[in-house]
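Below is one structure, written out as structure tokens; comments come after it.
The values are calculated or read from the model by the stated rules, or taken from the named source; none is laboratory data. Not measured: the values here are computed from a predicted model. Glycine also receives a Cβ, built like all others from the backbone with ideal geometry; neighbour counts cover every protein chain displayed.
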């Protein structure tokens, strides 16, 4: 039972992180390799905010989320959009965006190192133990899970019940057809990319409450987000949420029963199995 609960708590925060990348790749068609650096930057921002004010890290969302939205919107409009316009096909866009965002990730790392240094950082908030079903868990992990759950449900409802959300879903399914019904695909893609960055930043704030992090940790979260998005299917948020819980449970089982150093390897073994058995993802559709 302990493994299941810890895995679910971890998977909940992973889901929020992956939903940001899914918006960027599924709607804007940008494979953003700087996604993890946005998450780590948000974690550093939360650390700075809490250390300076001793106010709940959740309050930091008021500043971090809008800032991440604006920064990611600017990245898409001024750096990614020229690549979109010149790309002759989706394959070329993916290659160009991978190379461009790979470079952007190093810019983020350089800025974080210059501002915060290369040390590992953490802070103590809600670190008191909570007894649940005979086991002890950190209150900060439970708070992060609940916060992630609220944001995930809110984003899912927004995408499925609002006009703007339905617009993003239409662009994700078929950009060409969406443009024929007067949808501005460029604006919708910019919104999705910016919203994805904001959601990822919120995930960074949640994870910062119980993880130790440094400026170089972003690549690990980028790779995990990629695993979750591709496992779940790039066009369906339900798949990302389910894949996040599966990954969280897998890493917990390996960390507790085998070796904590093998958690990343286990994630990629799971990823390879999904690629071999169901390459379109858990909720993806086979292409005809």
Quiz item: Among the residues of the stretch 207-215, is there at least one that is part of a helix (DSSP H, G or I) and more than 13 Å from residue 14 (Cα to Cα)?
Solution: yes
Quiz prompt | Single match in 182, 176 (criterion: outside any helix (DSSP H, G or I) and either on the phi > 0 side of the Ramachandran plot or surrounded by fewer than 15 Cβ atoms within 10 Å (Cβ to Cβ) (or both)) | solution = 182
Self-check item: Sole residue being over 28 Å from residue 63 (Cβ atoms), surrounded by 21 or more Cβ atoms within 10 Å (Cβ to Cβ) and either modelled with pLDDT of 90 or more or touching a helix residue (DSSP H, G or I) at 6+ places or on another chain (Cβ under 9 Å) (or both), chosen from 199, 253, 258, 227
Solution: 227
Exercise. Check residue 43 against each of (1) out of contact with any strand residue (DSSP E or B) (no Cβ under 6 Å at 6 or more places or on another chain); (2) part of a helix (DSSP H, G or I) and name the one condition it does not meet.
Key: (1)
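Under 20 Å from residue 148 (Cβ atoms) and either in contact with a strand residue (DSSP E or B) (Cβ under 6 Å, 6 or more places away or on another chain) or assigned to a helix (DSSP H, G or I) (or both), is that true of residue 69? Before you say what the answer is, go through the steps one by one.
Numbers: under 20 Å from residue 148 (Cβ atoms): yes; either in contact with a strand residue (DSSP E or B) (Cβ under 6 Å, 6 or more places away or on another chain) or assigned to a helix (DSSP H, G or I) (or both): yes.
The answer is yes for residue 69.
May I ask you to verify whether residue 236 is buried (at least 17 other Cβ atoms within 10 Å of the Cβ), in contact with a strand residue (DSSP E or B) (Cβ under 8 Å, 6 or more places away or on another chain) and in contact (Cβ under 8 Å) with a residue 24 or more places away in the chain? Full working, then the answer.
On the way: buried (at least 17 other Cβ atoms within 10 Å of the Cβ): yes; in contact with a strand residue (DSSP E or B) (Cβ under 8 Å, 6 or more places away or on another chain): no; in contact (Cβ under 8 Å) with a residue 24 or more places away in the chain: yes.
Taking the combined requirement at face value, the residue does not satisfy it.
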Quiz item: Could you list, in sequence order, the residues of the stretch 124-157 that are loosely packed, with under 14 Cβ neighbours inside 10 Å and more than 28 Å from residue 212 (Cα to Cα)?
Solution: 157
Practice problem: For residue 193, state whether it is closer than 24 Å to residue 85 by Cα, out of contact with any strand residue (DSSP E or B) (no Cβ under 6 Å at 6 or more places or on another chain) and either modelled with pLDDT of 90 or more or surrounded by fewer than 17 Cβ atoms within 10 Å (Cβ to Cβ) (or both). | Solution: yes
Quiz item: Quick one: would you say residue 132 is closer than 19 Å to residue 36 by Cβ and touching a residue at least 40 places away in the same chain (Cβ under 8 Å)?
Solution: no
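Yes/no per residue for (1) at pLDDT below 90; (2) surrounded by 22 or more Cβ atoms within 10 Å (Cβ to Cβ):
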position	(1), (2)
11	yes, yes
33	no, yes
55	no, no
73	no, no
77	no, no
83	no, no
87	yes, no
107	no, no
111	no, no
Quiz prompt | So residue 91, is it free of Cβ contacts under 8 Å to residues at least 12 places away in the same chain and within 22 Å of residue 232 (Cα to Cα) | solution = yes
